[in-house]
Amino acid sequence: MVVERHMTPNPITVRPDTSLQRALELLKSHEIRHLPVLKGKRLVGIITDRDIRHLLPSALAPPEETEAFRAWGAQVKVGEVMIRQVYTVTPQTRTEKAARLMVEHRIGCLPVLRGATLVGIVTTPDLLRAMTGGERLPERAPEEPRAGRRKPREARRTPRAESTRVRSR
């Protein structure tokens, strides 16, 4: 199997002068975790949701700290915080080799280049589906944020009588 059969073609990308806030919005709205960074048509880096999360204030931070991040994130450019050393593969790279690269370097995706042109991106879920014979899920429209909605109480916990956890003594 080769990467080309399992990659996402024409991934969403950003430029180095894109604001960090805009990159975060793209990641959330498209429900993705990786944004290749292109200068013209050349791959110059990658920014991930994890990179941005490390820069975000804590969820327990006061609102003014979150607002300060938004102002800061609107000024900081992706090119200032992106990962510059990007591991890549070609469309004809074997999926096993791509998986080995991802495990070895502890990364979640590999941009796919044909020559110097970005033609796709292959992610951990893509490779897991490839190796298990799973099908790619159809694209779906982003859902509206469901802030504040919680599962009903009975769906959140397993009653003690039904629990299968074993306690050690």
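The values are calculated or read from the model by the stated rules, or taken from the named source; none is laboratory data. Bear in mind the structure is a predicted one, so any value in this text is a computation, not a measurement. As a convention, Cβ positions derive from the backbone with ideal geometry for all residues, glycine included, and neighbour counts pool all protein chains shown. All accessible areas refer to the heavy atoms of the entire protein, side chains included, with ligands and DNA or RNA removed. Shrake-Rupley method; radii C 1.70, N 1.55, O 1.52, S 1.80 Å.
The C-beta contact set for segment 111-134 (first residue in a helix (DSSP H, G or I), second residue surrounded by fewer than 17 Cβ atoms within 10 Å (Cβ to Cβ) and modelled with pLDDT of 90 or more, distance under 7 angstrom, 6+ apart or interchain) comprises Thr124/Gly108.
Being loosely packed, with under 12 Cβ neighbours inside 10 Å and modelled with pLDDT under 75 is the filter here; which residues of segment 31-61 pass it? Those that are loosely packed, with under 12 Cβ neighbours inside 10 Å and modelled with pLDDT under 75: Ser58, Ala59, Leu60.
With the condition kept exactly as written, say whether any residue in segment 90-104 is in contact with a Gly (Cβ under 8 Å, 6 or more places away or on another chain), within 30 Å of Met131 (Cβ to Cβ), part of a helix (DSSP H, G or I) and open to solvent by less than 70 Å² (accessible area, probe 1.4 Å). Yes: segment 90-104 contains one or more residues that are in contact with a Gly (Cβ under 8 Å, 6 or more places away or on another chain), within 30 Å of Met131 (Cβ to Cβ), part of a helix (DSSP H, G or I) and open to solvent by less than 70 Å² (accessible area, probe 1.4 Å). For segment 2-21, the count of residues that are more than 17 Å from the chain's Cα centre (by Cα), within 18 Å of Ile107 (Cα to Cα) and touching a residue at least 60 places away in the same chain (Cβ under 8 Å) is nonzero.
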